[in-house]
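One structure below.
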Amino acid sequence: MGPWVWDSRDMFTKDGILALHIWTHDSLDLVYTHAATLTPEQFVAEIPGFGSASVRDQLGHIIQCEQAWVHSLQYLPRSRWSGTDFPTVASLQEARQRVMEETIAYLEQLPDEQLNRELTHRPDGWDWPLRSPAFILHHVLTHAFHHKGQVVAMFRLLGSPAPDTDLQRG
């Protein structure tokens, strides 16, 4: 950890995490809207240099990870998805809506005192350090922005530059 060490037990609030989650998905809405303008061939075109090689696979990865990490926080089984499960932007959008609602439902039922408390035991398949639900939910959001940036770069490489997708936009 860097030179700034603090007690994170009260760092995050449910309202704050919920607001960040909603803002993240509002930003992703812009990406999905732009993805819907791609041809079917562009949507699945593999672009070298990206971990998930197509726009479809990047968008699927974002929502799969959100669901997997939120399920892990609840000690629920983690699903594995394939890009071929989502032949269209609309099918991905439906899955994203379900996952977003699951995350909100989890957060709303989570007792305040558990939000910033480190997990006491490791969920199945969890290979990372034990962290608090707030930390993991924050990571869900930063992960989404990382991959959103990759999708925006892919749009440009496909000859279809995206509009501004930042949280702070004009």
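Looking only at segment 86-112, count how many residues are of a type in the set (A, V, I, L, M), free of Cβ contacts under 8 Å to residues at least 40 places away in the same chain and closer than 30 Å to Pro40 by Cα.
Residues meeting the conditions: 2.
When you check Ser72 against the structure, is it touching a Gly at 6+ places or on another chain (Cβ under 8 Å) and modelled with pLDDT under 95, yes or no?
Yes.
Could you look through segment 118-150, keep only residues that are at pLDDT 90 or above and among the aromatic types (Phe, Trp, Tyr), and pick out the one that is farthest from Ala162 (Cα to Cα)?
Looking at residues that are at pLDDT 90 or above and among the aromatic types (Phe, Trp, Tyr), I get Phe135.
Please find, among Thr37, Thr13, the residue that is of a type in the set (Ser, Thr, Tyr) and at pLDDT below 95.
Going through Thr37, Thr13 in turn, the sole match is Thr13.
Would it be correct to say that Glu101 is more than 23 Å from Ala153 (Cβ to Cβ), open to solvent by 50 Å² or more (accessible area, probe 1.4 Å) and more than 14 Å from the chain's Cα centre (by Cα)?
no
Out of everything in segment 37-56 that is of a type in the set (D, E, K, R) and either surrounded by fewer than 20 Cβ atoms within 10 Å (Cβ to Cβ) or in contact (Cβ under 8 Å) with a residue 40 or more places away in the chain (or both), what residue ends up being nearest to Thr142 (Cα to Cα)?
Glu46
Would you mind telling me which numbered condition in (1) in contact with an Asp or Glu (Cβ under 9 Å, 6 or more places away or on another chain); (2) open to solvent by 20 Å² or more (accessible area, probe 1.4 Å); (3) at pLDDT 95 or above Glu66 fails?
(2)
Answer yes or no: is there a residue in segment 74-82 that is touching a Pro at 6+ places or on another chain (Cβ under 6 Å), assigned to a loop (DSSP other than H, G, I, E, B) and open to solvent by 30 Å² or more (accessible area, probe 1.4 Å).
Checked segment 74-82: at least one residue is touching a Pro at 6+ places or on another chain (Cβ under 6 Å), assigned to a loop (DSSP other than H, G, I, E, B) and open to solvent by 30 Å² or more (accessible area, probe 1.4 Å).
Quick grid of which residues meet (1) more than 27 Å from Gln42 (Cα to Cα); (2) open to solvent by less than 90 Å² (accessible area, probe 1.4 Å); (3) in a helix (DSSP H, G or I):
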| site | (1), (2), (3) |
| --- | --- |
| Thr84 | no, no, yes |
| Thr120 | yes, no, no |
| Phe155 | no, yes, yes |
| Gly159 | no, yes, no |
| Leu167 | no, yes, no |
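Can you tell me which residues in segment 122-152 are in contact with a Leu (Cβ under 9 Å, 6 or more places away or on another chain), over 16 Å from Leu73 (Cβ atoms) and open to solvent by 40 Å² or more (accessible area, probe 1.4 Å)?
Phe145
Name the residues in segment 113-155 that are basic (Lys, Arg) and in contact (Cβ under 8 Å) with a residue 40 or more places away in the chain, would you?
Arg117, Lys148
Of the conditions (1) under 24 Å from Trp23 (Cα atoms); (2) open to solvent by less than 50 Å² (accessible area, probe 1.4 Å), Asp112 fails just one. Which one is it?
For Asp112, the failing item is (2).
The values are calculated or read from the model by the stated rules, or taken from the named source; none is laboratory data. Being a predicted model, the structure only gives us computed values, none of them experimental. Quick reminder, even Gly has a Cβ in these numbers, built from the backbone with ideal geometry, and neighbours come from all protein chains shown. We work out accessible area using only protein heavy atoms, side chains counted, and drop any ligands, DNA or RNA first. Shrake-Rupley method; radii C 1.70, N 1.55, O 1.52, S 1.80 Å.
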